[in-house]
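So the structure is just underneath, and the comments pick up after that.
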Amino acid sequence: MGIDVNTRAIFTVAKKEFMDNVRNKWILALTIIFIILTLVISFAHGRGELTGAEITVLGLLSISTLLVPIIAIMLGYASISGEAETGSLSVVMAHPIRRVEVLLGKYIGLGAVLSTSIILGFGIAGILIMTGDASDVAGYLVFIGLTILLGLVYLSLSICFSAILKRRVTSLGAGIGLFFWAMIIGSVIMAIFWATGGDLMDLGTTGMPDWMWSSMMILSPSDMYQTATMLGFGLRELAVVGFEISVPDYITLGKLLVIFATWILAPFFVAYYFFKKRDI
Amino acid sequence: MAEAEFIIRTEGLNKRFKTVQAVKDLSLNVRKGDIYGFLGPNGAGKTTTIKMILDLINPDSGDVYIKGILTRENGVGVRQGIGYMPERTQFYRNLTALQTMEFFAELKGVDKAECDELLNKMGLEKWKDKKVGTFSKGMVQLMGIGQSLLGSPELLILDEPTSGLDPRWARILKDTMLEVNSNGTTVFFSSHLLSEVQELCNRVAILNKGQLIIEDTVEKVSEGQMQKPKLILKISGDAGAAAQVIRKGGFSDVDFHGNVVSVHCDSHERTKVLNLLAQANIVVDDFRTQEVSLEDAFMKYIGDERSVGGELNGD
Ligand SMILES: Nc1ncnc2c1ncn2[C@@H]1O[C@H](COP(=O)(O)OP(=O)(O)OP(=O)(O)O)[C@@H](O)[C@H]1O
Ligand SMILES: [Mg+2]
């Protein structure tokens, strides 16, 4: 891949992507839903017995694991196939710009929209939580950072599909497929455990076997994200509604960050390979 | 002619889409300073060729040189001096006209002051702060033309530039093409409107089923089919019978339709045609003549087979 890139061209594309998508009414609507849900969760947790940022964050996780992939996929799925279909990509590519620069610009611009949405979604609730109980500001910031990484995984994957597939509708199909994978892969691994003779009841007492931990962490970005968030708050053990989760020692935040980075970078290189030889 | 005087040169371009041979062994030569018309029926491969020239579509084989530089090897450098407007485009729904223009100006490294100027020129000054998503088809087309003119490019490549424009804006666009050409810009455009091509271009190429039929000056192309001017007669009786009479009189290129007969003949033969009809007691209500047109030549070149698209494989 050419090291020789024009940063001004990348920035120009990134700025355009940001300005166009930050005003996308679907993204706006999802961000508002995001803000409302996080506020509701934070208040609900604040009134109950369980106080403290960590517990609230566990509630917020359920929102972000659902909403963040949706926002990311909505931003990414048509970013190349859609623009190629309307013809504007051909105008862009007729300018003195390389394909790698267009692709990087899209990643950066869309990544910025995604980050803005997440920071707004969690930031407002965060200020309320932290003023009530200034327990773990650093942990909460790590949590927001991890949420952005989770979003970038799905953004990267959906841009990748968009670069490979010719038409907007097919890349929409791929985006929907990606979302389902995000939602069910954890359960699929559970099902494999059960089908191969594992007892689901044991999971509560003895915990998950190593192979399950590994495959969850590698194949299911959502489970990895939730685990990384626990570790970010310095929690290895957690008991929720009679279910005990104990993260094995060999799983560290550092390793999880490497997996995150792989999930974000690998699709980028695949996208570049296909985008470079694509007819526009 | 020296190599560098050809601003676009393609050599043996081929492109196949699955079962369609869209472009076949195509070699074109566009000279600096030309207004070059790129003609062909629907599906002839014009858009595909234009996109290969711009390095947007990868040819299966063949080379494109712009100003003597192989585009495959230095696409970025070569595209610096090109303005392009595609066949159809939608731009970015949530950006205003001005923001869209500024985006392209930034990509080209052109002074943003030009954006306002060009929006005015394209009649969009009142709309410059409105989102492009709300524009009509023709307004989007005008935006497309506006952005292609940014930075006064050396080479302007327009894919059916007047389609979708009302006659007034089509006129303004044609004048703009002549104006930029007189300032040194080479204009390469595809079109279905042969009258406008005849009016604007000094050179044309005709493409059919992906293959080049002819590339020459407008005059040579028009005459190339040994065309004679057309005499069109309105008959009060049976046009078929009239056509028969004219054919018997030694004219082969005769056609009739309703009560109209047309015959291709030189101007000195016109009285002979009229005399033939008078002798047969056929009353001519009205007649007019039509000079050799690119349109007639075009029809002859592409034949009257009614099928569109490139050559289908195994067909
Ligand atoms: N992306 C594509 N996939 C498959 N076939 C294509 C594709 N693009 C063009 N073709 C085929 O290639 C042939 C040439 O198409 P092209 O768009 O170049 O024609 P054109 O001369 O521009 O036609 P028009 O005057 O209608 O715009 C057609 O038969 C078309 O069906
Ligand atoms: Mg076309």
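Can you tell me which condition A:CYS160 does not meet? The list is (1) touching a Leu at 6+ places or on another chain (Cβ under 8 Å); (2) in contact (Cβ under 8 Å) with a residue 24 or more places away in the chain; (3) of a type outside the set (Ser, Thr, Tyr); (4) crowded, with 18+ Cβ neighbours inside 10 Å, and all the others hold.
Exception for A:CYS160: condition (1).
So, B:GLY77, is that one at the interface with chain A (Cβ under 8 Å from one of its Cβ atoms), more than 17 Å from the chain's Cα centre (by Cα) and more than 10 Å from ligand 2 (Cβ to nearest atom) or not?
Yes; evaluated as a whole, the condition is true for this residue.
Consider B:THR89 against the criteria (1) outside any loop (DSSP other than H, G, I, E, B); (2) within 12 Å of another protein chain (Cβ to nearest Cβ); (3) of a type in the set (Ser, Thr, Tyr): it satisfies all of them except one. Which criterion is unmet?
(1)
Among the residues of the range B:80-98 satisfying the criterion of being within 16 Å of ligand 2 (Cβ to nearest atom) and of a type in the set (D, E, K, R), which is surrounded by the most Cβ atoms within 10 Å (Cβ to Cβ)?
The extreme case among them is B:GLU87.
I'm checking my understanding of the structure. Among residues of the range B:31-43 that are surrounded by fewer than 24 Cβ atoms within 10 Å (Cβ to Cβ) and farther than 21 Å from B:ASN183 by Cβ, which one is farthest from ligand 1 (Cβ to nearest atom)?
B:PRO41
Of the conditions (1) farther than 17 Å from B:PHE104 by Cβ; (2) more than 14 Å from chain A (Cβ to nearest Cβ), B:SER152 clears all except one; give me its number.
The number of the failed condition is (1).
Can you tell me which residues in the range B:262-300 are under 19 Å from B:ALA239 (Cα atoms) and in a helix (DSSP H, G or I)?
B:ARG270, B:THR271, B:LYS272, B:VAL273, B:LEU274, B:ASN275, B:LEU276, B:LEU277, B:ALA278, B:GLN279
Only one of these is within 16 Å of ligand 1 (Cβ to nearest atom) and crowded, with 18+ Cβ neighbours inside 10 Å: B:LYS46, B:LYS18. Name it.
After applying the criteria, what remains is B:LYS46.
So that you can scan it fast, the table gives a plain yes or no per residue for (1) in contact with a Gly (Cβ under 8 Å, 6 or more places away or on another chain); (2) buried (at least 23 other Cβ atoms within 10 Å of the Cβ):
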| residue | (1), (2) |
| --- | --- |
| B:ALA105 | yes, no |
| B:LYS112 | no, no |
| B:MET122 | yes, yes |
| B:ASP129 | no, no |
| B:VAL132 | no, yes |
| B:MET139 | no, no |
| B:GLY146 | no, yes |
| B:SER152 | no, no |
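State the number of residues belonging to the range A:68-99 that are in contact with a Ser or Thr (Cβ under 9 Å, 6 or more places away or on another chain) and more than 10 Å from chain B (Cβ to nearest Cβ).
Count: 13.
Quick one: which strands (runs of 3 or more DSSP E) lie wholly within the range B:141-243 and hold at least 2 residues that are modelled with pLDDT of 90 or more and over 19 Å from the mean Cα position of the chain (by Cα)?
So the answer is B:230-235.
Looking at B:ALA44, is it away from chain A (no Cβ under 14 Å) and within 16 Å of ligand 2 (Cβ to nearest atom)?
Answer is yes for this residue.
The values are calculated or read from the model by the stated rules, or taken from the named source; none is laboratory data. The structure presented is a predicted model; accordingly, all values stated were derived computationally and were not measured. Note: ideal-geometry Cβ built from the backbone for every residue, glycine included; neighbour counts use all protein chains shown.
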